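A quick write-up on the structure given underneath.
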Amino acid sequence: MDFGKFKLHIIRECHFKLDGGAMFGVVPKAMWNKVSPADEANRVDMACNLLVIETPQKKVLVETGMGPRWSAQERERYDLRTLVDHSKALAELGISNDQIDAVIISHMHFDHMGGAVMEQGGKLVPTFPKALVYVQKGEYDMAHKANARAKASYRTEDYQVLEQQGLLEMVNGDREIVPGVSVRITGGHTSHHQVVVFESEGQKGVFFADIVPTKSHLSPPWVMGYDHYPLETCDRKDEWLGRAAREKWLVVFDHEKEVPWGHVEQTGDGKFSWNPLSASTLEYGLVV
């Protein structure tokens, strides 16, 4: 999709499922099950949507998804269905892995950073060998000192190889990564969770990552049980969604299983509604 002088693409890296109670926190199942129906194991359908931003100067990948390194037992637990060959993850776009200049990770949980490395010849190697991988320093620190509740979401093997090869780039706070593409700390989901803001020729968009993972999470109080700071998530959602609605930003959801990009509107009573773009804007038939 053309976006000012940028070209945007969505790559659906996988389908998977997570517990509905964990995905909707204190929201009663009688409410969330109407918009995100659970299976017999109480799991809801999810996806990992990667955003490719081609600027006139650089090729940027936002997120890397779950990645390929999962056991049969883990795949069954998450009903994980990998949809790309990670050795040529962007081949449908005519982009090779070594053409990616920058990878931006919203936070270092395994469903966002798991695809940053892959196994090749019996060892782990960077999936995007020439790209710097941008993470918040505070998030990196959290991954190393996570307590018993948080540590299950981090896998050190997802980033150790990158660090050893000098490809892990630490960011301290808000920063422009390449011209027109910036990160902004929101906190909430984790202490240093960041969103990605992109702008070209007067058009603006935001990749919300896990402060608004799906269209079913538009209501500010509908926050995940996974969130480290749920009250902060609620406040940041209200702030960011309000701005996106007023300024007519393109909004991208990381875990939406249907059309993951579109626009948000806010009604007079402050509620938000979702207007997805046409499925025809998705180049590779992502809707299931």
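The values are calculated or read from the model by the stated rules, or taken from the named source; none is laboratory data. Quantities reported herein were computed from a predicted structural model and do not represent experimental measurements. In this analysis, Cβ positions are derived from the backbone assuming ideal geometry, glycine residues included, and neighbour counts consider all displayed protein chains.
The residue list Val84, Val103 contains one member that is out of contact with any Pro (no Cβ under 6 Å at 6 or more places or on another chain) and surrounded by 24 or more Cβ atoms within 10 Å (Cβ to Cβ), which is Val103. So for region 11-31 (the condition being assigned to a loop (DSSP other than H, G, I, E, B), of a type in the set (Val, Ile, Thr), more than 23 Å from His189 (Cα to Cα) and more than 14 Å from the chain's Cα centre (by Cα)), does at least one residue qualify? No. In summary, Gly67 fulfils each of the numbered conditions (1) part of a loop (DSSP other than H, G, I, E, B); (2) touching a strand residue (DSSP E or B) at 6+ places or on another chain (Cβ under 6 Å) with the single exception of condition (2).
When you check Glu40 against the structure, is it assigned to a loop (DSSP other than H, G, I, E, B), surrounded by fewer than 17 Cβ atoms within 10 Å (Cβ to Cβ) and either out of contact with any strand residue (DSSP E or B) (no Cβ under 8 Å at 6 or more places or on another chain) or among the basic types (Lys, Arg) (or both), yes or no? Criteria met by Glu40.
One residue alone among Val264, Val212 is in contact with a Leu (Cβ under 9 Å, 6 or more places away or on another chain), closer than 17 Å to Gly25 by Cα and buried (at least 20 other Cβ atoms within 10 Å of the Cβ), and that residue is Val212. Among the numbered conditions (1) of a type outside the set (Gly, Ala, Ser); (2) over 18 Å from Tyr154 (Cα atoms); (3) touching a Lys or Arg at 6+ places or on another chain (Cβ under 8 Å); (4) surrounded by fewer than 21 Cβ atoms within 10 Å (Cβ to Cβ), the only one that Asn49 does not meet is (4). Inside region 179-224, residues that are part of a strand (DSSP E or B), touching a residue at least 24 places away in the same chain (Cβ under 8 Å) and under 20 Å from Met113 (Cα atoms) make up a count of 8. The residues on offer are Arg243, Arg236, and the sole one that is closer than 27 Å to Ala102 by Cβ, more than 18 Å from the chain's Cα centre (by Cα), at pLDDT 95 or above and not in a loop (DSSP other than H, G, I, E, B) is Arg243. Candidates are the residues of region 43-64 that are assigned to a loop (DSSP other than H, G, I, E, B) and of a type in the set (D, E, K, R); the one that is farthest from the chain's Cα centre (by Cα) is Lys58. Of all residues in region 242-259, none that is touching a residue at least 60 places away in the same chain (Cβ under 8 Å) and of a type in the set (A, V, I, L, M) has its Cβ atom under 6 Å from the Cβ atom of a residue that is part of a helix (DSSP H, G or I) and surrounded by fewer than 17 Cβ atoms within 10 Å (Cβ to Cβ), 6 or more apart or on another chain.
With respect to the stated conditions, Thr82 is within 17 Å of the chain's Cα centre (by Cα), among the β-branched types (Val, Ile, Thr) and farther than 16 Å from Val52 by Cα. Among strands (runs of 3 or more DSSP E) entirely within region 110-175, having at least 3 residues that are surrounded by fewer than 21 Cβ atoms within 10 Å (Cβ to Cβ) singles out 123-126, 168-171. Scanning region 151-170 for residues that are more than 15 Å from Gly138 (Cβ to Cβ) and without any contact (Cβ under 8 Å) to a residue 40 or more places away in the chain turns up Lys151, Ala152, Thr156, Gln160, Glu163, Gln164, Gln165, Gly166.
Taken over region 93-109, residues that are in a loop (DSSP other than H, G, I, E, B) and under 22 Å from Arg155 (Cβ atoms) amount to 6. Return a yes/no flag: does region 69-77 have any residue that is crowded, with 20+ Cβ neighbours inside 10 Å and either in contact with a Cys (Cβ under 7 Å, 6 or more places away or on another chain) or at pLDDT 95 or above (or both). No, that holds for no residue.
Determine whether Lys204 is more than 15 Å from the chain's Cα centre (by Cα) and surrounded by fewer than 17 Cβ atoms within 10 Å (Cβ to Cβ). Taking the combined requirement at face value, the residue does not satisfy it.
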